[in-house]
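Structure first, then comments.
The values are calculated or read from the model by the stated rules, or taken from the named source; none is laboratory data. Model, not experiment: these values are computed from the prediction. Using ideal geometry, Cβ is built from the backbone for each residue, glycine included, and neighbour counts are taken over all protein chains shown.
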Amino acid sequence: MRILITGGAGFIGSNLAKLALTRGHDIRIIDDLSTGYADNLVDCDIDFHLGKVQDPQAAARAVANVDSIIHLGALGSVPRSIKDPIASHHANATGTLTILDEARKANVTHVLSASSSSVYGMNPALPKHEREWVRPMSPYAVSKLAAEQYTLAFQQAYGFDSIAFRFFNVYGPGQRAGHAYAAVIPTWIDAMLKGEPVWINGDGQHSRDFTYVETVCDALLQAVERRLTHVEPVNLAFGTNTTLMNLIEHLTQISGVEPDVRHREPRAGDVPHSQAQNDTLTALFPEIFPTDIEVGLESTWRWMAERS
Ligand code: NAD
C-alpha cells in the first residue's frame, strides 16, 4: 500500500516508516523538520516532502495518490504549547484540518490521527475510558482534541474511514533527549549516562501508562492494512500504571547506575495520573499485546548508550 506518514521524521513517525518498509509498503513523508530529524530516515527508501501540514499546497502534494494517511505531524509538548499556544494550534489543529481537507479533495478517505491522553486533563477518573468527559488543561491538549474531533467528524460529513488514537506516553529507541521539551524517559537516561542529576517534577508519585513505540507502530500499521475505522476515539495504551519513582527503580536496575535523584516543583498543565482503559483497543486489535516496561526500557537504554 502507499501510505503517507505526516511527521515521519519524528520519533514515532520514523519508527513507523521503518516498520512499514519491512512490511512492503510504499512510504511518503511530509515533515517540516521542526522537531524531527532527517537523519532518523537515513537509508530509508521513502518519498520525502519537506513542508508544513497546515500549508494547503504542500498538503495537497503529499496526499496525492496515497491509499491511507497516518497523521502524526504536530508540535508535541504541553510546556511548548503554554509558551506559544498559537504555534501549537496552527500545526496541530489547523494542520489536521488541512490534511483532512486535502485528502477529501484527493478522494483519499482513510486517515488515522494521533490524539493524546492529555485531552482527559482535569477528569480525575482512572482508568480513562474514551467516553469519559474531557477537560484539557493546556493549549496542546485543546489542539489535540480539535484534531481528533475533526478526524472523526469527517466520517459523518464526508464518508471517511478514520480512527483518532489517543496516545499515552510513548517511549522507545529514537526518542531524543537534549532539547527543552524532551520526554521524561530519554531525559533521565541521558542524565544517568552523563552522571548528571535526575530531576523529578513533584514527589515522583505521578503515574503514566508508558507504551512502547514498536507496539504503537504495529497497531497503526494494522489499522491501515485492515482499513479500520471507529466512530469514537481509541486509547492506544494498555492500562499500565508506572509511577515516576517506579521508573527510576527500573532504570537503576537495568543500568546498574545509581541516579542522583532531585525533586522540584510540578509543571503547570501536567496531569497527575494517566492510565488507559483499553477495552476498545483490545477489541479492535486482539493480537496486539503490551511490551513489558523492563524490556522496552532496556532497548531504549541500549539505543541511547550506543549514541552517547
Ligand atoms: P516528534 O516531535 O518526534 O514528531 C513530530 C514530527 O512532526 C516531527 O518530525 C516534526 O518535525 C513534525 N512536525 C511538527 N510540526 C509540523 C508541521 N507543522 N508540519 C509538518 N511536520 C511537522 O513527536 P512524536 O513523539 O513522534 O509524536 C508524534 C505524534 O504523536 C504527535 O502528533 C504527538 O502529538 C502525538 N503524541 C505523542 C505522544 C508521545 O508520547 N510521544 C503522546 C501523545 C501524542
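A few notes on this one:
- Failed item in (1) within 21 Å of R302 (Cα to Cα); (2) part of a loop (DSSP other than H, G, I, E, B); (3) more than 16 Å from the ligand (Cβ to nearest atom), with R227 passing the rest: (1)
- Test set (1) closer than 25 Å to G178 by Cβ; (2) in contact (Cβ under 8 Å) with a residue 40 or more places away in the chain; (3) surrounded by 22 or more Cβ atoms within 10 Å (Cβ to Cβ) - H71 fails condition number: (1)
- Scan segment 156-173 for residues that are touching a strand residue (DSSP E or B) at 6+ places or on another chain (Cβ under 9 Å) and either polar (S, T, N, Q) or free of Cβ contacts under 8 Å to residues at least 12 places away in the same chain (or both) and the total you get is 2.
- Matching residues in segment 100-121 - criterion: being in contact with a helix residue (DSSP H, G or I) (Cβ under 6 Å, 6 or more places away or on another chain) and near the ligand (Cβ under 9 Å from one of its atoms): S113, S115, S116, S118
- In segment 203-238, the residue that is nearest to the chain's Cα centre (by Cα) out of those that are closer than 19 Å to L145 by Cα and of a type in the set (S, T, N, Q) is N235.
- Taking segment 235-308 and the helices (runs of 4 or more DSSP H) fully enclosed by it, the elements with 1 or more residues that are closer than 17 Å to K128 by Cβ are at 279-284.
- The set of residues from segment 25-58 being among the charged types (D, E, K, R) and within 11 Å of the ligand (Cβ to nearest atom) comprises D31, D32, K52, D55.
- Segment 15-24 - residue that is surrounded by fewer than 22 Cβ atoms within 10 Å (Cβ to Cβ) and free of Cβ contacts under 8 Å to residues at least 60 places away in the same chain and, of those, nearest to the ligand (Cβ to nearest atom): K18
- Leading residue by the ranking (surrounded by the most Cβ atoms within 10 Å (Cβ to Cβ)) among those in segment 241-274 that are closer than 30 Å to S113 by Cβ and at pLDDT 95 or above: L247
- Helices (runs of 4 or more DSSP H) completely within segment 46-137 that count 2 or more residues being within 17 Å of the chain's Cα centre (by Cα): 78-83, 95-105
- The lone criterion from (1) of a type in the set (A, V, I, L, M); (2) within 10 Å of the ligand (Cβ to nearest atom); (3) in contact (Cβ under 8 Å) with a residue 40 or more places away in the chain left unmet by A183 is number (3).
- Residue under evaluation Y37, criteria (1) over 20 Å from the mean Cα position of the chain (by Cα); (2) closer than 22 Å to H179 by Cα, criterion not met: (1)
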